[in-house]
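Written out below as structure tokens is the structure these notes cover.
Derivation of every value follows stated rules applied to the coordinates shown; laboratory data play no part. Owing to the predicted nature of the structure, the values given are computational and were not obtained by experimental measurement. Cβ: placed from backbone, ideal geometry, glycine included. Neighbour counts: every protein chain shown.
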Amino acid sequence: MKTRVALQDLVTELMGQNKTVYFTDEAIYVELNSRQQRIGLARLSCGEKQLLRILVETMMAGNNPIIIDEPELSMHIDWQRRLLSAMRTVNPDAQIIVATHSPEIMADYDDDKVFSL
């Protein structure tokens with residue numbers, strides 16, 4: 001429950017002031033703050049869906065490794081910069097392996113944590 005609330009707060013912060021995300025046992029809800037109206041996940045942008053999917057899967061991974069190929073696709077540059085930190089926030093125990101073409105994703109990490117091909 002505590003992790004779910006942290007994820008809810010984190011996703012809401014990342015998406016900005018115009019949307020709030022709610023997680024229940026049954027569903028994920030997104031509310032447009034300007035209208036106080038719930039919208040379906042289908043109405044989110046591709047980048048918002050990608051961000052949400054990655055963070056929910058990260059939360060559910062437990063202490064299993066997480067392998068992601070090109071998570072930056074459709075994702076806003078600011079979210080790319082914050083993605084790994086956000087993943088660590090929702091699941092500090094998971095080993096995260098990322099294949100990316102985006103220098104932004106790895107920008108905050110020391111060279112000893114990054115393997116370049």
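Quick notes on this structure:
- Which of Leu117, Gln17, Ala6, positive extreme of dipole for the chain (C-beta unit charges): Gln17
- Spacing of the two label points (7 Å from each Cα toward its C-beta) at Ile97 and Ser85, in nm: 2.6
- Length gained on full extension, Tyr29 to Ala6: 6.8 nm, using 0.36 nm per residue less the C-alpha separation.
- Normalised convex hull volume, region 14-117, alpha-carbon set, Å³ per residue: 108
- For the chain, calculated [θ]222 nm from helices alone, where every DSSP H run of n ≥ 4 adds -39500 (n - 2.57): -12500 deg cm²/dmol
- Dipole of the chain [Lys/Arg +1, Asp/Glu -1 at C-beta], most positive-end residue of Val98, Met59, Ser34: Ser34
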